[in-house]
1. Out of all the residues in region 101-139, which are at positive phi and either β-branched (Val, Ile, Thr) or in contact with a helix residue (DSSP H, G or I) (Cβ under 7 Å, 6 or more places away or on another chain) (or both)?
2. Would you confirm, using the coordinates I've provided, whether residue 81 is under 28 Å from residue 153 (Cα atoms), charged (D, E, K, R) and under 12 Å from the mean Cα position of the chain (by Cα)?
3. Could you check region 38-76 and list, in sequence order, the residues that are farther than 22 Å from residue 23 by Cα, touching a helix residue (DSSP H, G or I) at 6+ places or on another chain (Cβ under 8 Å) and aliphatic (A, V, I, L, M)?
4. Exactly one of (1) modelled with pLDDT under 90; (2) surrounded by fewer than 17 Cβ atoms within 10 Å (Cβ to Cβ); (3) of a type in the set (A, V, I, L, M) is unmet by residue 68. Its number?
5. Mind counting the residues in region 150-176 that are assigned to a loop (DSSP other than H, G, I, E, B), open to solvent by 30 Å² or more (accessible area, probe 1.4 Å) and not hydroxyl-bearing (Ser, Thr, Tyr)?
6. Got a number for residues in region 79-101 being within 21 Å of residue 170 (Cβ to Cβ), in contact with a Ser or Thr (Cβ under 9 Å, 6 or more places away or on another chain) and either of a type in the set (Val, Ile, Thr) or open to solvent by less than 10 Å² (accessible area, probe 1.4 Å) (or both)?
7. Could you check region 41-68 and list, in sequence order, the residues that are in a strand (DSSP E or B) and within 13 Å of residue 143 (Cβ to Cβ)?
8. Among (1) more than 19 Å from residue 44 (Cβ to Cβ); (2) in a loop (DSSP other than H, G, I, E, B); (3) open to solvent by 30 Å² or more (accessible area, probe 1.4 Å); (4) among the small types (Gly, Ala, Ser), there is one condition residue 135 misses while meeting the rest; what is its number?
Amino acid sequence: MRSYENEPVVIQRDVEAVMVPSGQPITLKLGLAGYITQALGGSFTLYIEGNLYRLAGEQADAIGKEPIKAPELPPNATAEDVRELAWQQLRGCYDPEIPINIVDLGLVYELTVTPNDDGTRDLAVTITLTAPGCGMGEVLVADVRDKIAAIPTVRAVNVSLSFDPPWNQSMMSEAARLQTGMMW
């Protein structure tokens, strides 16, 4: 995705968004003007009238952008192919305030793929948050669920939120620590 940072936008239709960091759902009304502050993983963080809002990639047309495309699997994909694509999808999940994906932040604790007799798969993902009281927790869980559910052949997705062990900066990838200046 190209960089849209600080690009001015006008809401082109009423659209559901989520206030950052409270996680409160809100309808952004036609004609509101603001700026894109972050466009990562298919979602957009918008700055409008002094507040931040997260707009799902499926709603990108509301700001004149292309909606995100569904992930694809090769024919006769294996459970391992589904697992790899799930990890790719998770790398497209971002905290609306931190421009680093949840995999590199160390927020994904576990990902399992269970094949079913009918050729479908069930996936279970355990994630955490950088702070237990984060208002965006349910939004992040929904984003993970939606990105994994978009994978062909996935029948069910269970996303669990865990704080055991509690997240800390040492769980971040080296690249994420470099990007945030948290090298020690």
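The values are calculated or read from the model by the stated rules, or taken from the named source; none is laboratory data. Quantities reported herein were computed from a predicted structural model and do not represent experimental measurements. Neighbour counts run over all protein chains shown; Cβ positions are idealised from the backbone, glycine included. Only protein heavy atoms, including side chains, enter the accessible area calculation; ligands, DNA and RNA are left aside. Shrake-Rupley method; radii C 1.70, N 1.55, O 1.52, S 1.80 Å.
1. Initial filter on region 101-139 (at positive phi): 106, 119.
106 - this is the single residue of region 101-139 that is at positive phi and either β-branched (Val, Ile, Thr) or in contact with a helix residue (DSSP H, G or I) (Cβ under 7 Å, 6 or more places away or on another chain) (or both).
2. Numbers: under 28 Å from residue 153 (Cα atoms): yes; charged (D, E, K, R): yes; under 12 Å from the mean Cα position of the chain (by Cα): no.
No.
3. 73
4. (2)
5. Summing the residues that are assigned to a loop (DSSP other than H, G, I, E, B), open to solvent by 30 Å² or more (accessible area, probe 1.4 Å) and not hydroxyl-bearing (Ser, Thr, Tyr) in region 150-176 gives 8.
6. Residues meeting the conditions: 3.
7. 43, 44, 45, 54, 55
8. Result: residue 135 passes all but (1).
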